[in-house]
Each structure stands twice: as structure tokens, then as C-alpha cells.
1. Which one is nearest to Ala261 (Cα to Cα) among residues in the range 194-226 that are touching a residue at least 60 places away in the same chain (Cβ under 8 Å) and of a type outside the set (Ser, Thr, Tyr)?
2. Can you name every residue in the range 54-81 that is more than 27 Å from the chain's Cα centre (by Cα) and among the aliphatic types (A, V, I, L, M)?
3. Would you be able to tell me the number of residues in the range 29-55 that are within 17 Å of Val81 (Cβ to Cβ), open to solvent by 20 Å² or more (accessible area, probe 1.4 Å) and in contact (Cβ under 8 Å) with a residue 40 or more places away in the chain?
4. Give just the number: which of (1) crowded, with 17+ Cβ neighbours inside 10 Å; (2) within 17 Å of Val16 (Cα to Cα) does Ala98 not satisfy?
5. Does the range 6-26 hold any residues that are in contact with a Leu (Cβ under 9 Å, 6 or more places away or on another chain) and either of a type in the set (Phe, Trp, Tyr) or buried (at least 18 other Cβ atoms within 10 Å of the Cβ) (or both), and which are they?
6. Cβ contacts < 9 Å: first residue closer than 30 Å to Gly153 by Cα, restricted to the range 111-140; second residue of a type in the set (Asp, Glu) and open to solvent by less than 50 Å² (accessible area, probe 1.4 Å), any location; separation 6+ or different chain. Result?
7. Select the helices (runs of 4 or more DSSP H) contained entirely in the range 196-295, then report the ones holding at least 3 residues which are open to solvent by 30 Å² or more (accessible area, probe 1.4 Å).
8. Among the residues of the range 115-128 satisfying the criterion of being crowded, with 16+ Cβ neighbours inside 10 Å and not aliphatic (A, V, I, L, M), which is farthest from Leu19 (Cα to Cα)?
Amino acid sequence: MTNKTVLVVDDNAQNVELLTALMQAEGYEVVAAADGLEALALVAASPPDLILLDIMMPKLDGYAVCRRLKQEAPTRLVPIVLLTALGAEEARIRGIEAGADDFITKPFSRAELKARVRSLLRLKVFTDELEHAEAMLLTLGRTVEAKDPYTQGHCERLAAYSVALGRKLGLPPEELTALDRGGALHDLGKIGIPDAILLKTSGLSETEWTIMREHTVIGERICQSLRSLQRVLPIIRHHHERWDGSGYPDGLVGEAIPLTARILQVVDIFDALRTARPYKPALSIKTACDILRDEVARGWRDPGVVESFIELVELGGPSEAPEPAGGAGV
């Protein structure tokens, strides 16, 4: 098993030497930084498995370092133990607000420090395993997309536009994250649909449509065991519901359809209209928006979500959304 890496951050050389010796005695690899800015640079270059972080330091104190690392997706799950000689209650409150995972008050018990580090690193192993499982599902979702050469880049465009629309509608960060993941995972259940149906270029029979509609339930079932994907499940299951209740799999009506699912379905339809297929050309932005408005008139789509999306598109959409293949200039 690869050794765990501990980053020790302290402007006092004697403290660094002591902590390094203690951690190396436990079998961990140790990297040291003398101030907050150096610590951020080291983490950016190679995230450690755990950080022992002094609070009172020059250039950037421990609270600021902790806050920055916990705000960034690549480092937010790295355990941070704050080391402080300050008044315990005040330091803990500020540390909790900064996102610290644990606290050690100086002078500290060596046995207690070692025990807390071991405990946090055990939890980190479980976290890494869950992240790996989530990453595998996201890769699997893109693999499903890759089966169809005409949907290249579809997941990325869905994620970019859905997050931009969610932000426009005032959704909280956790729902924006769900929309980002939903771009790759919404059609994951198609992995359980036979290619003869999935890639059929002519119309599907009623029996084939019944099988195809199962992809929403299959996708939800695949992702159900991961707690980190709980907010994505409504998107996966309900992105084919219709405002008037004529959709599937549950025939939900109006606002009973989760807002994140309503957002992704509008973006999904728009991207399909804007993408060239064997049976149709890529439609212009205006034509695609007209079709969305027509689907509102039919009672299929949430009028507010559609109009907000069209406003977003007319402003140029998110800059990170790539142009659909065959869609440029049409």
C-alpha cells in the first residue's frame, strides 16, 4: 500500500521537526511548509492525504489556508487538523467556520495527535473509495454517450448549460453540482438497453419504446447506493417527465417534477435539436427556441424554465459550452 502523505505547516522550525519525526515514526511521508502561501503551492502541486496546519503564521494564517482549501473541489475532502495555542473556544469556532476537520491544542499529547491522525486517514480511505466509485460512474456515463458518434460532447454541453441555467434561476451550490453531474449521468441507464434498440435509426415499435423508457429507472438504480449522488437521482429518473403529466416513468405533473430535472430536460431537448443527426440537419438557435416554445404551448414543458433558458441562449449561453457538431453557423 502506498504511504500516506502528511503536510506539516508551521513557521516554527522546531515544531516542524517534532511533527515530522512523529509522523515519520508512524510510517507516513512528510512534506513541510513554513507559511500559508507555501502550503497552498505544495497542495496545488500534489494534494496530501492530511494536513497538520498551524494557525498563527506569516503571509497567510491557518484559517485562511483552511478556508481556501475547503472551497476548492480537488482539496475540499483533504482532512485538516488545526494546531493552536490560542484560547480553545475562540479558535475552535473560527476553525469550524473555516472548515477544519479536527483541532489539537498546543502543547499537545503525542499519543492523542497520532490517534487523531490515524482516525482521519482511515476516513480518508473510505472517502477516496467513494470518489473513485463516483468517477467510474461518470466515466461509464460518457461511455454510453460515446456509443453514438452523433452525440459527441453532449454531456459537456448539457452540464455547462444546465449549471448556467440553474445559476440564473438561483439554485444553491449543491444543486448546481447535481446538474453538473447530471450532464454525464442522466442517460447512464441506457447501458442496460440493447444496442439494437438504442442505436436503431428507424422508428421504434411500442414494445421497443417500453424497453427504452426503462433507462431512467435503470440509471437511478445504478447510482442509488452512492450518497454523494442522491441529488442527481431525481434528474436521472425524471428528466423525461412532462409538465402536463404525459411523461415517464411516473407521470408527474407541474412542479411535482424536480426543478433540476426540468432544467436538464429543456437543455437536453435544445442540444438534440441543435445537433445534426442522420435523419435531420442541425437546427438554428431560433428554430430550436421556437420548438421549445411550441412544446410549452402543448403543455409539455415548464414555461418559466423554457423562457429563462431562451434568455440565457440569446445572451450567448455559457462560454464553456462547446458548439454541437454540425451546429456552427446554423
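1. Per the criteria, the residue is Cys223.
2. Of everything in the range 54-81, those that are more than 27 Å from the chain's Cα centre (by Cα) and among the aliphatic types (A, V, I, L, M) turn out to be Ile55, Met56, Met57, Leu60.
3. Count: 1.
4. Among (1) crowded, with 17+ Cβ neighbours inside 10 Å; (2) within 17 Å of Val16 (Cα to Cα), the lone unmet condition for Ala98 is (2).
5. If the condition is that a residue be in contact with a Leu (Cβ under 9 Å, 6 or more places away or on another chain) and either of a type in the set (Phe, Trp, Tyr) or buried (at least 18 other Cβ atoms within 10 Å of the Cβ) (or both), then Val6, Leu7, Val8, Val9, Asp10, Leu19, Leu22, Met23 are the ones that fit.
6. Asp128/Asp49
7. 206-212, 215-223, 259-274
8. Of everything passing the filter in the range 115-128, Lys124 is farthest from Leu19 (Cα to Cα).
The values are calculated or read from the model by the stated rules, or taken from the named source; none is laboratory data. Nothing here was measured: the structure is a model prediction, and the numbers come from that model. Cβ coordinates were reconstructed from backbone atoms using ideal geometry, including for glycine residues, and neighbour counts include every protein chain displayed. With ligands, DNA and RNA removed, areas are computed over all heavy atoms of the protein, side chains included. Shrake-Rupley method; radii C 1.70, N 1.55, O 1.52, S 1.80 Å.
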